[in-house]
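Accompanying notes for the structure given below.
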Amino acid sequence: MTNEIVTRTAVVLFSEPPSLESVYGVAASSTLDARRVEMTETLVRAELGAGTLEVSLFGSAWPDEDEESLAELGGPSAGLFPGALARAGGQDALWPGGARAADAHRAFALLQLTEPKSGPKLQMEALERAGVALLAHPGALCVFFPAGESLRDGNVIGGIRAMAKEQGALPLQIWINGRVADAGQGVRVADVVGLGQLGQMDQEAVFPDRPGLEPFEVLGYLFDVTHHLFNEGGDLEEGVVYEGPGGLRWRASLGHAAQIPPARGIVRWIPLSGSEDGGPEAGTA
């Protein structure tokens, strides 16, 4: 079971709208290696190896709280949910400038990949490449992946890619975000959002707020599980147990609703107590 995104989407935020002709110039350049590029009155369309890229320009701010406008742009099937931009700006551990860029934007380019001809990784890389190419425009501020609630500028994207290459890993943190929240009564929640872009279920961990169990180590565990599933294939099964942060064993439970917006189904991880820790041998992510 997944929350797979049907239409993969990226957004480039601008301080002022670029011309459609300048977008056409980027699409026709060697950067995207497009097989064919055409410009209509409303959009630029480019045939890429990963699918058909359509770029539309809007001379207004991203409709972050306007559910009707988001539905017109693709809605949930494109990973567009109300409040995503605000939440992305509020989770700024990787790029503290993200919130400022979001506040400063007055226009945006919508990049959508339709008619896919490749797997999700190549589709996301094609969108990322197009978004980075548009950052060369003088009015461009950053790339926003609404399904993953991530705001990234060119430097952050380059840094994540370099680290991923060094580690032989996916550059996940370009396209998705990890968040931490206080659930009250001494309980924390960590989650990753936007895994539907890779054909996976989003994941969250619910755990006690205590010394030796750091939230960002728990987030790292969720990213490790994601890498493992993407590389090995398959889905998580109910009750599977993995070794994880804090020297604990963590059990997966399916069919839950996320505690951090947007509303969606997730896989929930909970650390086992000593009395529960007598089950099957744990795997490693």
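Given the options Leu213, Leu236, Leu222, name the one that is open to solvent by less than 50 Å² (accessible area, probe 1.4 Å), in contact with a strand residue (DSSP E or B) (Cβ under 7 Å, 6 or more places away or on another chain), at pLDDT 90 or above and part of a loop (DSSP other than H, G, I, E, B). Exactly one of Leu213, Leu236, Leu222 is open to solvent by less than 50 Å² (accessible area, probe 1.4 Å), in contact with a strand residue (DSSP E or B) (Cβ under 7 Å, 6 or more places away or on another chain), at pLDDT 90 or above and part of a loop (DSSP other than H, G, I, E, B), namely Leu213. Scanning region 239-255 for residues that are open to solvent by less than 60 Å² (accessible area, probe 1.4 Å) and of a type in the set (Lys, Arg) returns a single hit, Arg249.
Looking only at region 107-119, residues that are open to solvent by less than 40 Å² (accessible area, probe 1.4 Å), farther than 9 Å from Ala50 by Cβ and at pLDDT below 95 come to 1 in all.
If you filter region 239-267 down to residues that are small (Gly, Ala, Ser) and in a helix (DSSP H, G or I), you find that the one that is nearest to the chain's Cα centre (by Cα) is Gly246. Exactly one residue out of Glu38, Glu54 is in a strand (DSSP E or B), more than 17 Å from Val143 (Cβ to Cβ) and at pLDDT 95 or above, and it is Glu38. The residues of region 35-76 that are more than 22 Å from the chain's Cα centre (by Cα) and of a type in the set (Ser, Thr, Tyr), listed by number, are Thr40, Thr42, Ser60. When we screen Ala107, Ala61 for residues that are in contact with a Phe, Trp or Tyr (Cβ under 7 Å, 6 or more places away or on another chain) and either without any contact (Cβ under 8 Å) to a residue 40 or more places away in the chain or more than 27 Å from Gln200 (Cα to Cα) (or both), the only hit is Ala107. For a quick check of your reading of the model, give me the residue pairs whose first member lies in region 224-248 and is in contact (Cβ under 8 Å) with a residue 60 or more places away in the chain, whose second is open to solvent by 30 Å² or more (accessible area, probe 1.4 Å), with beta-carbon atoms closer than 6 Å and at least 6 apart or on different chains. Pairs found: Asp224/Ala285; Val225/Ala285. In a residue-by-residue description of region 189-207, the property of being farther than 30 Å from Phe14 by Cα, free of Cβ contacts under 8 Å to residues at least 60 places away in the same chain and open to solvent by 30 Å² or more (accessible area, probe 1.4 Å) applies to no position. You will find that of Gly79, Gly98, the residue that is under 20 Å from the mean Cα position of the chain (by Cα), closer than 21 Å to His137 by Cα and surrounded by 17 or more Cβ atoms within 10 Å (Cβ to Cβ) is Gly98 and no other. Within the span defined as region 12-21, one or more residues are assigned to a helix (DSSP H, G or I), surrounded by fewer than 16 Cβ atoms within 10 Å (Cβ to Cβ) and more than 22 Å from the chain's Cα centre (by Cα).
The values are calculated or read from the model by the stated rules, or taken from the named source; none is laboratory data. Quick caveat, the model's predicted, so the values are computed rather than measured. Positions of Cβ are backbone-derived with ideal geometry, glycine not excepted, and every protein chain shown enters the neighbour counts. Heavy atoms of the whole protein, side chains included, go into the accessibility calculation; ligands, DNA and RNA do not. Shrake-Rupley method; radii C 1.70, N 1.55, O 1.52, S 1.80 Å.
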